[in-house]
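Enquirer: The structure is given below, and queries will be raised subsequently.
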Amino acid sequence: MKIAVLPGDGIGPEIIAEAVRVLKAIGLQFEMEEAPVGGAGYRAKGHPLPESTLALCKASDAILFGAVGDFSLDTLPRDLRPEQAILGLRKELNLFANFRPAIVYPELVQASSLKPEVVAGLDILIIRELTGDIYFGKPRGIQTLANGEREGFDTMRYSESEIRRVAHVGFEAARKRNKRLCSVDKANVLDTMQLWREIVIEVGKEYPDVALEHMYVDNAAMQLLKNPKQFDVIVTGNMFGDILSDEASMLTGSIGMLPSASLNEKGFGLYEPIHGSAPDIAGKGIANPLATILSAAMMLRYSFNLAEPADRIEAAVKKVLASGIRTGDIAEPGQKKASTKEMGDAVLAAL
Ligand code: IPM
Ligand code: MG
């Protein structure tokens, strides 16, 4: 079992260090190899996704990813910016199905900015398509018009097969949960999304046991705040899923709590917290490592079929939360704030 470990930028190395300690502590023989990515990749090898890093990923059974993003490199041409590392990995490895669960732990109900009764017991799963849409559609660019003014443009595109395969992932996931799938689109305005809806309805005929609903993305953004517990599984495109999953994270109290899995057709996966590199707190040792630790648990479950140790890690996280240990992002006013390492220590002790 070989794991490519890509810490990346900002708080990436700090949170990955804790997840690696947890993986080492569960008593399984993993081979773990680190490689630079994002701004760190650019600084070490001149490219956000160095060839050697991509080769390591391809030779591994799973990828544990920290975060990328570095303001000081934002003036580089787009293809050299840190974010291109994660976009490149998703595309190169065909990681089209992105699982972003949002679960409210009973102990953290108060950490949400929403009323406890709105979020208590919340357990939803957002499945975001990850390799298509306006993120990758061509043509794109910035061009100069005849009148001398510049114009920026990107293209939203989805082929039938791209929609169909992620729809299947959505229905399969709903089948394993509460059998409700909400497909989020903007079919009232965008042709791409009209096709999205058509294909999802078609795929739905193969899943008569799953209740399918459709929602426009603007309404979905509102419903997530108004009554998030109405959802079970949400399936949506790349850009809408990016936005809605950040929104959903706030229902749970902190974006520092949410893990994710990005899988290809063969079940090969990249596991990462859904948050970014948080340059404002990088190097301070105060970031919440739980999203990354929970991502490692997802890796055990999905890529290695190791449900028991995954359960153990998740149970350890719950125990730590129940014992009142909090990093700054989930602490209540006046509560003592644990460092990244103290949080890792606590999870190890609970394990
Ligand atoms: C995410 C991030 C990325 C995205 C960035 C870092 C390119 O926001 O994983 O949600 O937009 O997909
Ligand atoms: Mg995002």
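Enquirer: Please build a GNM for the chain, connecting alpha carbons under 10 Å apart, and tell me which residue among 260, 183, 60 fluctuates the most.
Expert: 60
Enquirer: Hey, another quick one. Would you look at the GNM of the chain, springs on alpha carbons closer than 10 Å, and say which of 19, 307, 174 moves the most?
Expert: 307
Enquirer: Taking the convex hull of the Cα atoms, report for region 9-154 its projected area averaged over all directions, in nm².
Expert: With every direction weighted equally, the projected area is 13.1 nm².
Enquirer: Moving to a separate point now. Take region 204-337, drop everything but the C-alpha atoms, weight them equally and run the Debye formula without solvent; then report log10 I(q)/I(0) at 0.12, 0.13, 0.16, 0.20 Å⁻¹ to two decimals.
Expert: The Cα Debye sum returns log10 ratios of -0.61, -0.72, -1.05, -1.37.
Enquirer: Counting only residues 5 or more places away or on other chains, whose amide H sits under 5 Å from the amide H of residue 47 once H atoms are built in the peptide plane?
Expert: Result for residue 47 returns 42.
Enquirer: I'd like the per residue volume of the convex hull spanned by the Cα atoms of the chain, given in cubic angstrom.
Expert: 146
Enquirer: Could you pull out every residue, at least 5 positions away or on a different chain, whose amide H is within less than 5 Å of the one on residue 287? Hs are placed 1.01 Å off N in the peptide plane, and Pro or chain starts have none.
Expert: For residue 287, the qualifying residues are 340.
Enquirer: While we're here: Who wins for biggest fluctuation among 39, 253, 285 in a Gaussian network model of the chain, springs between alpha carbons below 10 Å?
Expert: Per the Cα network of the chain with a 10 Å cutoff, 285 tops the list.
Enquirer: Can you give the direction-averaged projected area of the convex hull of the alpha-carbon atoms in region 281-351, in nm²?
Expert: Working: hull surface 19.6 nm².
Orientation-averaged projected area of the Cα hull: 4.9 nm².
Enquirer: Could you check what % of the DSSP bridge pairs in the chain are antiparallel, to the nearest 5? Spell out each step's value before the answer.
Expert: On the way: 19 of 45 bridges.
Close to 40 percent.
Enquirer: Another question, if that's okay. Distance between the C-alpha centers of region 231-294 and region 138-166? Whole Å please.
Expert: After rounding, the separation between the Cα centres reads 26 Å.
Enquirer: Let a ≥ b ≥ c be the square roots of the eigenvalues of the Cα gyration tensor of region 144-270; is it rounded (a/c under 1.5), or, if not, prolate (a/b larger than b/c) or oblate?
Expert: The shape class here is prolate.
Enquirer: Need the C-alpha centroid separation for region 1-34 versus region 87-114, integer Å.
Expert: 19
Enquirer: Next question. Computed over the Cα atoms, what is the radius of gyration of region 67-132 divided by 2.2 N^0.38 Å, N being its residue count?
Expert: The reported ratio for this selection is 1.59.
Enquirer: Have a look at 23, 63, 231 and report the one farthest towards the positive end of the charge dipole of the chain, computed about the Cα centre with Cβ charges (Lys/Arg +1, Asp/Glu -1).
Expert: About the Cα centre, the residue reaching furthest to the positive side is 23.
Enquirer: Could you grab the relative contact order for the chain? Cα pairs under 8 Å, six or more apart, rounded to a whole percent.
Expert: That works out to 22 percent.
Enquirer: Under a point-charge model restricted to the Cβ atoms of Lys and Arg (+1) and Asp and Glu (-1), what is the dipole moment magnitude of region 1-147 relative to its Cα centre, in debye to the nearest 20? Can you show the working numbers first?
Expert: On the way: 15 positive and 18 negative charges, 76 e Å.
Using Cβ point charges on Lys, Arg, Asp and Glu, region 1-147 gives about 360 debye.
Enquirer: Report the full-extension gain for the segment residue 43 to residue 80: residue separation times 0.36 nm, less the Cα-Cα distance, to one decimal in nm.
Expert: Working: separation 37, 0.36 × 37 = 13.32 nm, distance 1.06 nm.
The residue 43-residue 80 span can extend by a further 12.3 nm.
Values in this text are rule-based calculations from the coordinates and carry no lab data. All values derive from a computational prediction rather than experimental measurement. Every residue, glycine as well, gets a Cβ built from its backbone with ideal geometry; the counts of neighbours run over all protein chains shown.
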